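Undergrad: Sharing a structure, written as structure tokens. Questions coming.
The values are calculated or read from the model by the stated rules, or taken from the named source; none is laboratory data. Computed from a predicted structure; not experimentally measured. Virtual Cβ from ideal backbone geometry, glycine too; neighbours counted across all protein chains shown. Heavy atoms of the whole protein, side chains included, go into the accessibility calculation; ligands, DNA and RNA do not. Shrake-Rupley method; radii C 1.70, N 1.55, O 1.52, S 1.80 Å.
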Amino acid sequence: MDSDAVPQADIATVPANFDESVILLDVREDDEWQRGHAPGARHIPMGQIPARIAEIDTSATLYVVCGVGGRSQRVAEYLAQNGYAPINVSGGMHAWADAGRPVVTDHGDAGVV
């Protein structure tokens, strides 16, 4: 599967709020997540996706994010091969933060990317 098969979303087109129908799946490692993540994002590290794929709702609009977009692209390609319709977030969490969007910790404090 080539990368053209997975749609790319510019940060300006990515929703800022997430619920059951719209998921922002953060595939970064635990330490990256703990430093800061998007409010409402779901966290499944890249290496755990195959084992935890059932946790991801196939009917939801699914945005996949990592640090800058490389790992999320690979995860999105994997998900696409397994019946999902993922959208890769171009620029990842760095683009999210650069756009002035909130970054929080699990404790609700301001986080960093």
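Undergrad: So with the 1.4 Å probe, I'd like the accessible area per residue for segment 8-99, rounded to whole Å².
TA: Each residue of segment 8-99 exposes 45 Å² on average to a 1.4 Å probe.
Undergrad: Now for a different question. How much of the accessible area of the chain, probe 1.4 Å, is carbon plus sulfur, in whole percent?
TA: Reported share for carbon and sulfur atoms: 49 percent.
Undergrad: What spacing in nm lies between the two simple spin-label points modelled at D57 and D30, each 7 Å away from Cα in the Cβ direction?
TA: It works out to 2.7 nm between the two label points.
Undergrad: So if each residue of separation counts as 0.36 nm, and I subtract the Cα-Cα distance between E20 and N82, what length gain in nm does that give?
TA: Contour length minus Cα-Cα distance gives 20.4 nm.
Undergrad: For Cα extents along the principal axes in Å, several values are listed as (i) 37, 27, 24; (ii) 30, 26, 23; (iii) 54, 38, 21; flag the one computed from this structure.
TA: Entry (i).
Undergrad: Next up: So how tilted is helix 70-81 from the main axis of the chain? Cα-based, degrees 0 to 90, rounded to 10.
TA: For helix 70-81, the angle is close to 40 degrees.
Undergrad: Magnitude of the Cβ-charge dipole of the chain, K/R +1 and D/E -1, about the Cα centre, nearest 20 debye?
TA: Roughly 80 debye, rounded to the nearest 20.
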